[in-house]
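I have a structure I would like to understand better, so I am pasting it below and will then ask my questions one at a time.
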Amino acid sequence: MKKIFKYSTAVLAALTLAACSSDDAVENTPVATNGDGYVGIAIQLPNIADGGTRANDDLDNGEAAEFAVKDANLFLFVGDDESTATFYKMYALSTDFKNDQKGENEDPSEKDNDGEPTGTLVTQTSGVTTAKIDNLNLLPSENLYAYVVLNNNGSALSAAPAAGTTFPEFSKLVLDAATIGGTLTGEISEDGMLMTNAPISETAGGSAASNGKVITAVKLDKSQIKKTADEAKKAPAGCVYVERAAAKVTVSADDATSQVKNGEEVMEFTVLGWKIFNTEPSYYNTRQSGEEAWLGYFNAKAVNANAKYRFVSKYDFAPMLPEGVENHTSGYRTFFGIDPQYDKPANLVAPVAPVDGTWNPLTGKAYMTENTFDVEHQTWTNTTMACVKVQFNGGESFYAVSNDAKYYAADKINNAIAAKATQMYDVNKWMNDVTAALAKATPGKEYAVAISATVEPSTTAGVKTYTLSYAITEDGAAYTDALPAGMDAAWTTAKTKAESELTVTLYENGVAYYNVRIQHFGEFETPWAAADATQPGETIDQIYGTDVEARNNNFLGRYGIVRNNWYKLTISAIKKLGSAVPETVKDNDTPDDVIEEEQYISVHVHILPWNLRTQDVIL
């Protein structure tokens, strides 16, 4: 079955914590690098400085519960740089963030339009929060690095790591998928959605290779550690950008059309729901932004010149600063990452969408962990998918027979099978052979053979078994004698072959299922066509080429799920009848792109901060 995805992309809109620095004259003095003090952190959802054409920078805040802050902790690391800094201490941050989306009211006793207390949301205007740092004892040569966790959801991030843990070790802490703060049925935890530092590039990508560092742990300005919380709020010590640990998917079909026909009549349809399946069971607490080589990966066929170097945005953040703060550390979003099973055959959760249980409506949403892989493992068994449940024929059950353009009700299916079997070579030849043998054995008699079929009476959806049989008449009366020598054996052979080649499928209640592979960069940044394949076939080398460097440049990240991206799948057309039961992708090494693959569903994908990624789906 084929699922075509066409991205009209928009990428990783990272929900962010941004700390700021200020040149304003603040009448306070910094504390020494030992003793007690307060550090200020500003929090913000990043914006675009000069709205680009690239969908990777298409931002959308989503709903309030997706960026509500229920708890916040600051992890401090000490060392010469991010790669060698070791854990120092963990501190609680205040959660009195300004809620600029619901008005200027900062009274925590009042509620916003979604019932959230005002002052508890991360928004596009920086909100500065503080932490009291006690017993600070730094050498003059030592730097202080910040990592922020919002809404730890009872994960291992609710506790401090062991002393001596380096930041790279800490950033690869593997967490259970249940702690991301959202479910596959769209529920959001009462403890909020887990958010952690986002990897941010110092230099732009898009139209040219990014040549700067990608920073995750943020270096704080030690001179901005103040004696009081109020002073620290006026002069934040650093900029920390955070993003949600979850990815988000929605599905719509507002203008979808049907090309499925029953004979010459187009069959109308209703989308009954959808599910996400084949998901990662765990995730790194911090998105691993990948290898330095990624920054230079280039696809000459990318639709837009600003998306040819796809791993870093061309556009920097356009901060909206709190009163009293002038300068704000900015940066550029990074758009991909490495998950815990990135370069190996993945053991994913639910490789087939279960028929039972809750199906998300078209108005629903799903949250899941990120799932990424290298091109070598860009196959069905490794790819997170959406299963779309579609109903035809007004909800009435019907049967399909292989290679037949017409569908049949229960009272018509036996005759339809018999008619198809009669036209098959082996059955037709046996019918001619047996009548000839009988006429030769008993000259002057007229013989006729009729084929009948009986489908098993079960109403369970899927492929049905059936039995073929024959009846012979002699001059119009039933023939009951033994057949000529060899004819019984020949019938068994013809019958067995016909039953193995002629498939009968029951679509219970008219329901069909379509598996949709979810793209990340997709057609916008990583276009692929059958002409790109090195030869006809169904292996990774044949589909994407044998030159590892070339295929990474062209196709790395074409499919996958990345945290803090909103994958908005829009069904544009249903082209063929899907499967009668959800299909498993377990151990299916078919590449995500297949030469001359039969198209079943057309999906457009748009990706939103949530970075929105949308996908047209042809079913």
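The values are calculated or read from the model by the stated rules, or taken from the named source; none is laboratory data. Keep in mind that this is a model prediction, so the values were computed, not measured. Virtual Cβ from ideal backbone geometry, glycine too; neighbours counted across all protein chains shown. SASA here: full protein model, heavy atoms, side chains in, ligands and nucleic acids out. Shrake-Rupley method; radii C 1.70, N 1.55, O 1.52, S 1.80 Å.
Which whole-Hz couplings ³J(HN,Hα) result when phi for each residue of the stretch 358-374 is put into the Karplus expression 6.51 cos²θ - 1.76 cosθ + 1.60, θ = phi - 60°, listed in order with x for Gly and Pro?
For the stretch 358-374, the Karplus curve yields 7, 9, 5, x, 5, 8, x, 8, 9, 10, 8, 6, 6, 9, 10, 7, 6 Hz.
Rg/Rh for the stretch 315-434: what does it come to with C-alpha atoms and Rh from Kirkwood? Show your work: numbers first, answer last.
Working: Rg = 27.4 Å, Rh = 21.5 Å.
We get a ratio of 1.27 for the stretch 315-434.
So between residue 415 and residue 298, what do we pick up on full extension, going 0.36 nm a residue minus the alpha carbon distance? Please report the intermediate quantities before stating the final value.
Numbers: separation 117, 0.36 × 117 = 42.12 nm, distance 5.82 nm.
Once the chain is fully extended between residue 415 and residue 298, it gains 36.3 nm.
How high is the FRET efficiency from residue 446 to residue 255, r the C-beta distance, R0 60 Å, rounded to 0.05?
Details: r = 60 Å, r/R0 = 1.01.
Computed FRET efficiency for residue 446 and residue 255: 0.50.
Hey, quick one: spin label on residue 404, modelled 7 Å out along Cα-Cβ, who in the stretch 435-468 has an amide N within reach, i.e. under 18 Å?
Under 18 Å, as judged by backbone N against the label point of residue 404, lie 450-468 of the stretch 435-468.
Spin-label point model (7 Å from Cα, Cβ direction): what's the residue 343 to residue 376 distance in nm?
My value for the distance between the label points is 0.7 nm.
I've got another one for you. Taking H placed 1.01 Å from N in the peptide plane, check which residues at least 5 places from residue 261 or on another chain put their amide H under 5 Å from its amide H.
267
Under the definition of Cα pairs under 8 Å and six or more residues apart, what whole-number percent is the relative contact order of the stretch 389-459?
Details: 43 pairs, mean separation 19.0, N = 71.
Result for the stretch 389-459 is 27 percent.
Another question, then. For the stretch 529-572, which whole percent of the accessible surface, found with a 1.4 angstrom probe, sits on carbon and sulfur atoms? Kindly include the intermediate steps, with their values, before the conclusion.
Values: 830 of 1690 Å².
The value for the stretch 529-572 is 49 percent carbon and sulfur by accessible area.
Can I ask one more? Which value in nm describes the separation of the simple spin-label points at residue 454 and residue 493, placed 7 Å from the Cα toward the beta carbon?
My value for the distance between the label points is 2.6 nm.
Which FRET efficiency, nearest 0.05, do residue 162 and residue 185 yield, Cβ-Cβ r, R0 25 Å? Write out the running numbers ahead of the final one.
On the way: r = 36 Å, r/R0 = 1.44.
Once the sixth-power term is evaluated, E becomes 0.10.
May I pose another question? Given the peptides 66-73, 145-152, arrange them by the average over their residues of other C-beta atoms within 10 Å, most packed first. Could you put the intermediate results ahead of the total?
On the way: 66-73: 22.4, 145-152: 25.4.
Final packing ranking: 145-152, 66-73.
Can I ask one more? Summarise the accessible area of the stretch 371-517 (1.4 Å probe, protein heavy atoms) by the percent that is carbon and sulfur.
50 percent
If you take the square roots of the eigenvalues of the alpha-carbon gyration tensor of the stretch 484-523 and sort them as a ≥ b ≥ c, do you get rounded (a/c under 1.5), prolate (a/b over b/c) or oblate? Could the numbers behind the result be given before it?
Numbers: a/c = 10.27, a/b = 2.85, b/c = 3.60.
Verdict is oblate for the stretch 484-523.
On a full-extension model of 0.36 nm per residue, what is the gain between residue 588 and residue 169, subtracting their alpha-carbon distance, rounded to one decimal in nm?
On the way: separation 419, 0.36 × 419 = 150.84 nm, distance 3.34 nm.
So the chain would gain 147.5 nm between residue 588 and residue 169.
Residue-wise, which Karplus ³J(HN,Hα) couplings in Hz belong to the stretch 211-220, taking 6.51 cos²θ - 1.76 cosθ + 1.60, θ = phi - 60°, and x for glycine or proline?
With the stated coefficients, the stretch 211-220 comes to 10, x, 7, 9, 10, 10, 7, 9, 6, 8 Hz.
For residue 129, what residues show an amide H to amide H distance below 5 Å, using hydrogens built from the backbone and excluding near sequence neighbours?
41, 42, 43
Still on this structure, please answer the following. Please label the shape of the stretch 183-225 as rounded, prolate or oblate, based on the square roots a ≥ b ≥ c of the eigenvalues of the alpha-carbon gyration tensor (a/c under 1.5 means rounded; beyond that, a/b larger than b/c means prolate, else oblate). Spell out each step's value before the answer.
Working: a/c = 5.11, a/b = 1.42, b/c = 3.60.
Note, shape of the stretch 183-225 comes out oblate.
Any chance you could run the full-extension gain for residue 439 through residue 550? It's 0.36 nm times the residue separation minus the Cα-Cα distance, nm to one decimal.
Numbers: separation 111, 0.36 × 111 = 39.96 nm, distance 6.97 nm.
Computed gain between residue 439 and residue 550 is 33.0 nm.
If you don't mind, there's one more thing I want to ask. Mind giving me the FRET efficiency for residue 473 and residue 538? R0 is 60 Å, r the Cβ-Cβ distance, nearest 0.05 is fine.
Values: r = 49 Å, r/R0 = 0.82.
Efficiency, from the Cβ-Cβ distance: 0.75.
What is the stretch 511-560 by shape, rounded, prolate or oblate, if you read a ≥ b ≥ c off the alpha carbon gyration tensor as root eigenvalues and call it rounded for a/c under 1.5, prolate for a/b larger than b/c, and oblate otherwise? If you can, show how the numbers build up before the last one.
Numbers: a/c = 2.43, a/b = 1.44, b/c = 1.69.
Judged from the Cα gyration tensor, the stretch 511-560 comes out oblate (a/c at least 1.5, b/c at or above a/b).
What residues have an amide H closer than 5 Å to that of residue 288, excluding those fewer than 5 places away on the same chain, when H is modeled at 1.01 Å from N in the peptide plane?
Result for residue 288 returns 338.
Tell me, how many Å apart are the Cα centres for the stretch 503-567 and for the stretch 134-158?
Using only Cα atoms to place each centre, the spacing works out to 40 Å.
I've got another one for you. Do any GluC sites (Glu not before Pro) in the stretch 174-272 lie in a DSSP loop with no more than 16 other beta carbon atoms within 10 Å, and if so, which? Intermediate results must be reported in sequence, preceding the final value.
On the way: sites: 187, 190, 202, 231, 243, 264, 265, 268; in loops: 187, 190, 202, 264, 268.
Answer in residue order: 187, 190, 202, 264, 268.
Could you rank 295, 362 by how accessible they are, 1.4 Å probe, largest area first? Could you put the intermediate results ahead of the total?
Working: 295 25, 362 65 Å².
Descending order: 362, 295.
If you count only protein heavy atoms with a 1.4 Å probe, what accessible area per residue comes out for the stretch 134-211, rounded to a whole Å²? Mind dumping the intermediate values first?
On the way: 3150 Å² over 78 residues.
That works out to 40 Å² per residue.
Could you run the Karplus curve 6.51 cos²θ - 1.76 cosθ + 1.60 with θ = phi - 60° over the stretch 482-496 and give me ³J(HN,Hα) per residue in whole Hz, x for Gly and Pro?
5, 6, x, 3, x, 6, 5, 5, 5, 5, 4, 5, 5, 5, 4
What distance in nm separates the two pseudo spin-label positions at residue 71 and residue 531, each 7 Å out from Cα along the beta-carbon direction?
5.7 nm
Another question about this same structure. How do 90, 368, 487 stack up against each other in accessible area, from largest to smallest, with a 1.4 angstrom probe?
Working: 90 55, 368 5, 487 30 Å².
Per-residue accessible area, sorted high to low, gives 90, 487, 368.
Which percent of the accessible heavy-atom area of the stretch 256-295 goes to carbon and sulfur, probe 1.4 angstrom?
Details: 710 of 1710 Å².
Carbon and sulfur atoms account for 42 percent of the accessible area of the stretch 256-295.
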